[in-house]
Amino acid sequence: MAVRRFPALSIARLHYVPVIGDDSPVRLSAKSDYAVRAAVELACSTEGPTKGEDLARAQEIPLKFLENILSDLRHAGLVRSQRGAVGGYWLAKDPKEVSVADIIRAVDGPLATVRGQRPEDIAYDGSAEPLQRLWIAVRASLRGVVENVTLADLAAGKLPAKVNKMADDPEAWATR
């Protein structure tokens, strides 16, 4: 009997975030992690534009990588920039209006894909048929967190109660 292999859900590459109601990790890219960190740093900034070098130093992000990330955030309309001696970067929107999901989508695209496709665009046959609904549920679970946490929440150091409750569960901290 041949073993059939099915693609894993690809969210990104380096960092791990627990999925609601599931014991397996979801991978978030370094680019997403750095982008959220830079955006939170901008949300905390109250003294006009912030230089890219200052952002890179504050969050220990390689400057060239950060510049590419800031370009993606600018193209998505989340960050604005100005050149020159008094230039730098700042948020284009109120931090209360920008979710973590907005940042991730701006730099990495859709939150969850299977082989680069949206789960609703993939059909499975036979015993694998339930996988489409599983991948859609995983995406919905991830959205339940990242669409409900804003840059203002992170800048204030206060996560929504639902997210704190999930993180307070000792099982959320268990590596498996």
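Pairs of Cα atoms in segment 30-173 fall into 5 Å distance bins, from 0 up to the last occupied one, in shares of 2, 9, 17, 18, 17, 13, 11, 7, 4, 2, 1, 0, 0 percent.
Here the sum of -39500 (n - 2.57) over DSSP H runs of 4 or more residues, divided by the residues of the chain, equals -13000 deg cm²/dmol at 222 nm, to the nearest 500.
From Cα pairs below 8 angstrom and at least 6 apart in sequence, can you work out the relative contact order of the chain, rounded to a whole percent?
24 percent
When both segment 158-176 and segment 92-148 are represented by their alpha-carbon centers, they are found 20 Å apart.
Stretching Asp94 away from Ile122 to a fully extended chain increases their span by 6.4 nm, per 0.36 nm per residue minus the current alpha-carbon distance. The lysine pair tally for segment 30-173, using Cα distances under 25 Å and a gap of 8 or more places or different chains, is 14.
Where in the chain are the DSSP H helices whose alpha-carbon span along the long axis reaches 15 Å or more and whose Kyte-Doolittle mean is at least 0.0?
Span-like helices, by this rule, are 30-44, 131-146.
Our summary gives segment 102-176 a relative contact order of 19 percent, counting only alpha carbon pairs under 8 angstrom and 6 or more residues apart. By the count of neighbouring beta-carbon atoms within 10 Å, fewest first, Ile61, Ile104, Ile69, Ile122 end up ordered Ile122, Ile61, Ile104, Ile69.
Every read-out reported here was derived from the displayed coordinates using simple, explicitly stated rules and does not represent laboratory data. Small disclaimer: the values here were computed from a predicted structure and weren't measured. Ideal geometry is used to build each Cβ from the backbone, glycine not excepted, and the neighbour counts take in all protein chains shown.
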